[in-house]
Amino acid sequence: MTRHEERESVFCLCFEYSLNITPTQELIELAQLCRELVVTEYVEKTFLGIIEHRKEIDEKINENIKGWKLERLSKVSLAVLRLAVYEILFAEGVPESVAINEAVELAKAYDTDEAPSFINGVLGSISRTK
């Protein structure tokens, strides 16, 4: 499994989590069963890290979405941003440029046409002010 595919799995878990706050281990198990999601060590560690640091991640996103509120973001954009912000602030060995580029690619694949540039702008701002 490539790192891009692992990020896609983490994104899916974050999206599911944002829809219904199911206990994390139960959510991982359900995703593996129902969606045939492959959960590698990286996927589990990253997803659990996002949940553990969710408050800090959401605060950082909120500080950098000029003219928006976190609650107004689409669940897809929020899941993409949470993953990228976690990688920028907490993950070891992930260059910021890679985290941002991967987030933009996920937004291109799963979000609206406007989302990639919005996500790129928010993450660029976070990267400059961290």
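For a protection proxy built on the mean count of beta-carbon atoms within 10 angstrom, sort 98-110, 47-59 highest first, please. Please report the intermediate quantities before stating the final value.
Values: 98-110: 19.2, 47-59: 16.7.
Output ranking for 98-110, 47-59: 98-110, 47-59.
Please identify the DSSP H helices in the chain that span no less than 27 Å along the helix axis (Cα) and have a mean Kyte-Doolittle hydropathy of -1.0 or more.
Length and hydropathy pass: none found.
With runs of 4+ DSSP H residues as the only contributors, calculate the mean residue ellipticity of the chain at 222 nm using -39,500 (n - 2.57) per run, divided by the residue total and rounded to the nearest 500.
Values: 7 runs with 95 residues, N = 130.
Theoretical 222 nm ellipticity from helices: -23500 deg cm²/dmol.
Normalised by the number of residues in the chain, what is the relative contact order in percent for Cα pairs under 8 Å and 6+ residues apart?
Worked out over the chain, it gives 24 percent.
Every number here is computed from the coordinates shown, using simple stated rules; none is lab data. Note that the coordinates shown come from a computational prediction; the quantities given were computed from them, not determined experimentally. Glycine gets a Cβ as well: all are built from the backbone with ideal geometry, and neighbour counts include every protein chain shown.
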